[in-house]
Structure formats: structure tokens, C-alpha cells
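Everything below concerns the one structure shown next.
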Amino acid sequence: MVEAMEIDPPKGTSETWTEKYRPKTLNDVAHQEEVVTMLKGALTGKDLPHLLFYGPPGTGKTSAALAFCHELYPKNVFKDRVLELNASDERGISVVRNKISFFSKRAINQSENRLLNVKIVILDEVDAMTRDAQSAMRRVIEDCSKTTRFILICNYVSRLIAPIVSRCAKFRFKSLPAEVQIDRLRTICNSENTPLSEEDLKIVMKTSEGDLRRAVCTLQSLAPVLKNGDEKAKNSFLHPTNDSEIVKEIVSLLPSAKVPQVFEIVKRTAKSCSGVTFLRKVFDEFLEDDLINDDNIAIMGKLVAKCEKRILDGCDLQNNLLDFLLTLRSTFIN
Ligand SMILES: Nc1ncnc2c1ncn2[C@@H]1O[C@H](COP(=O)(O)OP(=O)(O)OP(=O)(O)O)[C@@H](O)[C@H]1O
Ligand SMILES: [Mg+2]
């Protein structure tokens, strides 16, 4: 059973629901017990190391870092003690040399409460930093350890240089299970007075692929449609593409398709399929129908992983879909 989270949204603001319903305290951060326990320990005076939070999007990394800082510092000193950098354009070496280094070295009024004498730099999307900037960061972390703690946040720890990783205590944020996400979405729906059936909540959750931020955004976009009570609009919103129909078509056509036909399928489907998980759905369907022989399963599995990574890295979906389907097709031709 999932613990119900307390939500106390500010009234009458036009902020996004992601911000409005961002966990305010560590207790609101769901399903990340390990990191929450460590942060609560730091609030009671235990040592606070530099931290590295990593894991899939929308699982609470930024929220946990912010909730911790809000619990640690009284409102009147928060701005003085916390530097939060999260825009993707603040990634170069000059930001490290100027902003971060300046903030970390700046003296602060000493408080009797030892905990409050440390400053915190929250550096979001650190995996988007250039290697040079990361190297510079490494030096800043070393030089400022007495006065500053760093909370580095990223999705892919493999994109960080080893000396950065080794200077931090690492916490991997787990994907949020379906019931945790649905519980959260349901609570937001109730708070916003936008009723959604359990079945529709499940659809919102599934289409968001484990990213609760995406699910909350979907919910916010859906709210006006729900308020109008327009069932047709609601359904076309919740079922914008029908992956399963496209997958069925591919399974029936691909084994005997000629190359131009594969091109045509790719051109048509890349526009409407759901993106990165689509390849896996096609792969799963072929596996389920026993259409891939044992020798090819490992090869195709690796290709799915490779294509997914390339898509997540920003490479073109259409080209990756083409690579995947042509390779899959060649396993039937041989
Ligand atoms: N563990 C969680 N507990 C409660 N709410 C969560 C949790 N994870 C995500 N959310 C919801 O999703 C929104 C986004 O969360 P957050 O920004 O912390 O994700 P993130 O892990 O930093 O994602 P990204 O890697 O994309 O930056 C929050 O505002 C909140 O509504
Ligand atoms: Mg984040």
C-alpha cells in the first residue's frame, strides 16, 4: 500500500503543476527511501558528503535536493546559502570559473548552528557539461570543500568524468512503480477537482514511461478538456497514437517487405509512433510471435538498446527506426 502524500498547493497561482506539486519536504519524496534517509540524517547533524543523484527523468532528483535545502535553511538565508543552476546554457567552463567558484568561495555570516555554516550548490543536468567544465568543477569541489557541499544531478552517470564521480556519494533514483505514480496523479486530480477514472489514470501513467513529471504535465494539459466534459476530446488526447496497430502492421509486413516498403513504413510511422519505447514494442511482438530465431535475439536486443540510446542522445528517430527495421528484416532474408 502506498502512503498518501500530503499536498498543500498554493492557491490562485499560474505556475505549472510540476512546480505546484513538487514535493515540499523530504517526506513528500516518494519511493526514494535510501537517499531520503541519508538527507534526514544530515538534517540532524550527520556528515553531509558531496552528493551525486542520478537516474531516470521525473523520479524526484531535483525535488529531493530542493526539499532538503528548504528543510535545512530558514527562508531568510536560503538565497544566501543555496546556488541552483539548472539551465542547459549554464554549462560552460566560464560558469564554473565565475558563478560557482565565486559563490563557493564567498564568506558567509557564521551561525551558531554548525549545519547552517555550509553552502550548497545544486548543479542540475551536470551530464550536459563539457569535459573541460567538469574538470574545472573537480578543482572547485576540492578547493571549496570546507565551506560548500555540491549536489550534482544527472540522468547518465557514465557521461561524467571519473574524478567527479569519485568525489561524491552516489544515489541512484529508482523508477517509480505504477502504484506510486497513480497515487500521486490521483491526489493531484482530487486537489484540482479534475476527475479521471482509474483506467484513464493508468493510461496517463503508461504513456509517460515512468517519468512522473511528464505524467503531471499531461494531466495539466488534459484538465481543461476534462472540465468541459468532452469525452471525444478526452479520448483523442489520451490515445493520440495507436502503437499497437502500427506494431501489428509492421509484424505482418516486415518479413516479406522490400526495402522501399520499409522506407515507406518508417516515414509514415516515425511521425505518429510513441518514440523511444516503440522499438522495444516491435521487438517484443516479434519475440512473442516466435519470429526471431535464437541466434538473432541477442543481436536484435543489442540493436534495440543502441537505437534507444541514440534517440535519447538526440539522434533522429526516423533513421534509428530505419536501421532497426532493416536489420530486423535482414534476419528473415537470410
Ligand atoms: N519521487 C517523487 N515523489 C513525488 N513526486 C515526484 C517524485 N518524482 C517526481 N515527482 C513529480 O515529478 C515532478 C518532477 O520531479 P523532479 O524534477 O524532481 O524529477 P527529476 O528526477 O529531477 O527529473 P529530471 O531528470 O528530468 O530532471 C515533481 O514536480 C513531482 O510532481
Ligand atoms: Mg531534475
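The values are calculated or read from the model by the stated rules, or taken from the named source; none is laboratory data. Because the structure is a prediction, the values reported are computed rather than measured. Here Cβ is always computed from backbone atoms with ideal geometry, including for glycine, and neighbour counts include all displayed protein chains. The accessibility values were calculated without ligands, DNA or RNA, using every heavy atom of the protein model including side chains. Shrake-Rupley method; radii C 1.70, N 1.55, O 1.52, S 1.80 Å.
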Förster radius 30 Å - calculated FRET efficiency between Lys281 and Ser221 (Cβ-Cβ, nearest 0.05): 0.80
Spacing of the two label points (7 Å from each Cα toward its C-beta) at Ile297 and Glu209, in nm: 2.4 nm
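How long are the semi-axes of the equivalent ellipsoid of the stretch 287-334, defined as square roots of 5 times the Cα gyration tensor eigenvalues? Whole Å, largest first. Provide the component values of the computation, followed by the final result.
Working: eigenvalues 90, 26, 13 Å².
The three semi-axes for the stretch 287-334 are 21, 11, 8 Å.
Based on the Cβ-Cβ distance of Ile161 and Glu19, what FRET efficiency does E = 1/(1 + (r/R0)^6) give at R0 = 25 Å, to the nearest 0.05? Write down the numbers at each step before the final one.
Working: r = 32 Å, r/R0 = 1.26.
With R0 = 25 Å, the Cβ-Cβ based efficiency is 0.20.
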Dipole magnitude (debye, nearest 20) for the stretch 95-168, charges at Cβ of Lys, Arg, Asp, Glu: 240 debye
Rounded Å value of the spacing that divides the Cα centres of the stretch 282-334 and the stretch 196-271: 20 Å
Neighbourhood net charge (14 Å Cβ-Cβ; Lys/Arg +1, Asp/Glu -1) for Val247: -3
Alpha-carbon gyration tensor eigenvalues x 5, square-rooted, for the chain, Å: 42, 27, 16
Ratio of the Cα radius of gyration of the stretch 185-329 to 2.2 N^0.38 Å, where N counts its residues: 1.22
Over the chain, relative contact order from alpha-carbon pairs under 8 Å, at least 6 apart, %: 17 percent
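Once the piece of chain linking Asp47 and Lys258 is laid out straight, how much longer is it, given 0.36 nm per residue of separation minus the C-alpha distance between them? Don't skip to the answer; put the middle values down first.
Numbers: separation 211, 0.36 × 211 = 75.96 nm, distance 6.34 nm.
Length gained, Asp47 through Lys258: 69.6 nm.
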Estimated 222 nm signal from helices in the chain, with DSSP H stretches of n ≥ 4 weighted -39500 (n - 2.57), rounded to 500: -16500 deg cm²/dmol
Interchain or long-range residues, amide H under 5 Å from Arg149's placed H: Lys119, Ile120, Val121
Positive-end extreme of charge dipole, the stretch 178-238 - chosen from Ile182, Leu222, Thr194 (charges on Cβ): Leu222
Percentage, to the nearest whole number, of Cα pairs in the stretch 13-146 over 24 Å apart: 33 percent
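Would you work out the charge dipole size for the stretch 191-334 about its Cα centre, treating the Cβ of every Lys and Arg as +1 and the Cβ of every Asp and Glu as -1, and quote it to the nearest 20 debye?
520 debye
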Local net charge near Ile161, Cβ-Cβ under 15 Å (Lys/Arg +1, Asp/Glu -1): +4
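So what's Rg/Rh here for the stretch 243-333, counting alpha carbon atoms and using the Kirkwood radius for Rh? Mind dumping the intermediate values first?
Numbers: Rg = 11.9 Å, Rh = 12.9 Å.
Rounded to two decimals, Rg/Rh equals 0.92.
Could you give the length gained on full extension between Ser135 and Thr194, defined as 0.36 nm per residue of separation minus the Cα-Cα distance, in nm? Provide the component values of the computation, followed by the final result.
On the way: separation 59, 0.36 × 59 = 21.24 nm, distance 4.80 nm.
Additional length available on full extension: 16.4 nm.
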Listed residues Cys168, Ser145, Leu312: farthest to the positive end of the dipole of the chain (Cβ charges): Ser145
Within the accessible area of the chain (1.4 Å probe), percent carbon and sulfur: 52 percent
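What FRET efficiency, computed as 1/(1 + (r/R0)^6) with R0 = 51 Å and r the Cβ-Cβ distance, is obtained for Asn228 and Ala169, rounded to the nearest 0.05? List each step's numbers first, then the result.
On the way: r = 49 Å, r/R0 = 0.96.
The pair Asn228/Ala169 has a calculated efficiency of 0.55.
Given a 1.4 Å probe and heavy atoms of the protein chains only, how would you sort Leu326, Leu219, Leu83, largest accessible area at the top? All intermediate terms of the calculation are to be shown ahead of the outcome.
Working: Leu326 50, Leu219 0, Leu83 30 Å².
The ranking, largest first, comes out as Leu326, Leu83, Leu219.
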Linear extension gain, Asn109 paired with Ala305, 0.36 nm per residue minus alpha-carbon span: 65.5 nm
Pairwise label distance in nanometres, Phe332 with Ser236, each label 7 Å out on the Cα-Cβ vector: 3.3 nm
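Counting Lys and Arg as +1 and Asp and Glu as -1, each charge on the Cβ, what is the dipole of the stretch 50-156 about the Cα centre in debye, to the nearest 20?
Values: 16 positive and 12 negative charges, 73 e Å.
In total the dipole reaches around 360 debye.
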Environment charge of Val304, counting only residues whose C-beta is closer than 13 Å and scoring Lys/Arg +1, Asp/Glu -1: +2
